[in-house]
1. So which residues in the range 38-53 are within 14 Å of Arg77 (Cβ to Cβ) and surrounded by fewer than 16 Cβ atoms within 10 Å (Cβ to Cβ), if there are any at all?
2. Output the qualifying pairs, or none if there are none: Cβ atoms under 9 angstrom, residues six or more apart or on different chains, first residue in the range 53-65 and farther than 12 Å from Ile28 by Cβ, second residue acidic (Asp, Glu) and surrounded by 14 or more Cβ atoms within 10 Å (Cβ to Cβ).
3. Restricting to the range 91-111, and then to whatever is crowded, with 17+ Cβ neighbours inside 10 Å and assigned to a strand (DSSP E or B), can you tell me which residue is nearest to the chain's Cα centre (by Cα)?
4. So which of Val24, Val88, Val43 ends up being without any contact (Cβ under 8 Å) to a residue 60 or more places away in the chain and either assigned to a helix (DSSP H, G or I) or within 16 Å of Phe107 (Cα to Cα) (or both)?
Amino acid sequence: MATQIDFGKLRALYRADLPEPVDVLNLIHLRHWPSYRRYAVSVTPLLKLSGAGPQWMGKLEREIHGPKQADKLMVVRYPSHRAFLRMVANPYYLLINRFRERGVQRFEASFTHSPEAGAKLRRHKRFLVVHYNATAHVAAR
């Protein structure tokens, strides 16, 4: 997990073709909640402008096996991966991103696709999330 945006990866991703819409799974390991909360409030207008919105969010209650991967989990739906990338390249986003960077110890965002999950996802209060790192498993042998 990282805290800073890798613009090289974003440029390569912009050229890719992904199904639409995309759901971005955010795994957030907090360092400073007030900074992250400020980021969350500040990014809301950009989310709306890009046609995006949270589908589900929650906090980790307890891990079953392995190290804790995140304090908070969130799924945000964007009309396309390019809408997400345009948002993070926006000068306003670049200005407020410092609050996210101060607020998180680690952060991972992954594109997923499930066109029918949004409404169903919001009805649930709890999820079991499995995060498996095959590389770490092989290295441990």
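We did not get these values from a lab; they are worked out from the coordinates using the rules stated. Every value quoted in this text rests on a predicted model; they were computed, and no experiment measured them. In this analysis, Cβ positions are derived from the backbone assuming ideal geometry, glycine residues included, and neighbour counts consider all displayed protein chains.
1. If we filter the range 38-53 for residues that are within 14 Å of Arg77 (Cβ to Cβ), which is where we start, we get 47-48, 50-53.
If the condition is that a residue be within 14 Å of Arg77 (Cβ to Cβ) and surrounded by fewer than 16 Cβ atoms within 10 Å (Cβ to Cβ), then Lys48, Gly51, Gly53 are the ones that fit.
2. Short answer, once both residue conditions are applied: Gln55/Asp23.
3. For the range 91-111, the residue satisfying everything is Phe107.
4. On the way: Val24 fails: without any contact (Cβ under 8 Å) to a residue 60 or more places away in the chain; Val88 fails: without any contact (Cβ under 8 Å) to a residue 60 or more places away in the chain.
Unique residue meeting the criteria: Val43.
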